[in-house]
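To start, the structure itself, in structure tokens.
The values are calculated or read from the model by the stated rules, or taken from the named source; none is laboratory data. Here the structure is a predicted model, which means the values were calculated and not measured. In this analysis, Cβ positions are derived from the backbone assuming ideal geometry, glycine residues included, and neighbour counts consider all displayed protein chains. Each accessible area value is taken on the protein alone, full model and side chains, heavy atoms only, with ligands, DNA and RNA left out. Shrake-Rupley method; radii C 1.70, N 1.55, O 1.52, S 1.80 Å.
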Amino acid sequence: QVLLEESGGGSVLAGGSLRLSCVATTETFNEFDIGWFRQAPGKEREFVAVSSWSGVSAHYADSVKDRFRVSRDFVENRVDLQMDSLKTEDTAAYYCAAGRHFSGLDARYDYWGHGTQVTVSS
């Protein structure tokens, strides 16, 4: 069982930054790829970014590429999502998930956090 907890959400003006964190309570954290997804009201959940289990590889959705960056802390069992140049359309609940497929498909992830809200206003 892998328990994930997100933090760092909040309200920010457009153009601002937030840093989300995903902490895992498992000794096998380093075996999992960690994905970030988001879901806005009335919309389907969508892929944002993924960090490979090694931390060497990352992949981003086109909508966040060059603005978001994912990083991994192997000591703290944590994956961070640095979000810069935020836009109002980035407003959503953000979730981290653990899986073994380095995928942008939410169905490929086995464990999910409860989410943290990000609100970007103009």
| Only Lys, Arg (+1) and Asp, Glu (-1) charged, at Cβ; segment 1-121 dipole about Cα centre in debye | 220 debye
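Segment 1-46: Rg/Rh from Cα coordinates, Kirkwood Rh? The partial results should precede the final answer.
Details: Rg = 13.5 Å, Rh = 13.0 Å.
My calculation of the ratio gives 1.04.
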| task | Please name whichever of 113, 15, 48 sits farthest to the positive end of the charge dipole of the chain, dipole taken about the Cα centre and charges placed at Cβ: Lys and Arg +1, Asp and Glu -1. | result | 15
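Below 8 Å between Cα atoms, with a sequence gap of 6+, how large is the relative contact order for segment 38-122 in percent? Write down the numbers at each step before the final one.
On the way: 128 pairs, mean separation 23.1, N = 85.
That works out to 27 percent.
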| Ratio of Rg to Rh over segment 77-119 (Cα coordinates, Kirkwood Rh, two decimals) | 0.99
| request: Enter the Cα centre distance for the pair segment 87-122 and segment 1-38, rounded to the nearest angstrom. | output: 8 Å
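Please report, as a whole percent, how much of the solvent-accessible surface of the chain comes from carbon and sulfur atoms (probe radius 1.4 Å). Please report the intermediate quantities before stating the final value.
Values: 3020 of 6410 Å².
The computed percentage sits at 47.
What number comes out for the charge environment of residue 99, summing +1 per Lys or Arg and -1 per Asp or Glu over other residues with Cβ under 15 Å away?
Working: positive: 45, 72, 100, 108; negative: 31, 33, 106, 110.
Overall, the nearby charge balance is 0.
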| task | Against the globular-protein guess of 2.2 N^0.38 Å, express the Cα radius of gyration of segment 1-93 as a ratio, rounded to two decimals. | result | 1.07
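Probe of 1.4 angstrom, ligands and nucleic acids ignored: what's the accessible area per residue over the chain, in square angstrom?
Heavy-atom SASA per residue in the chain reads 53 Å².
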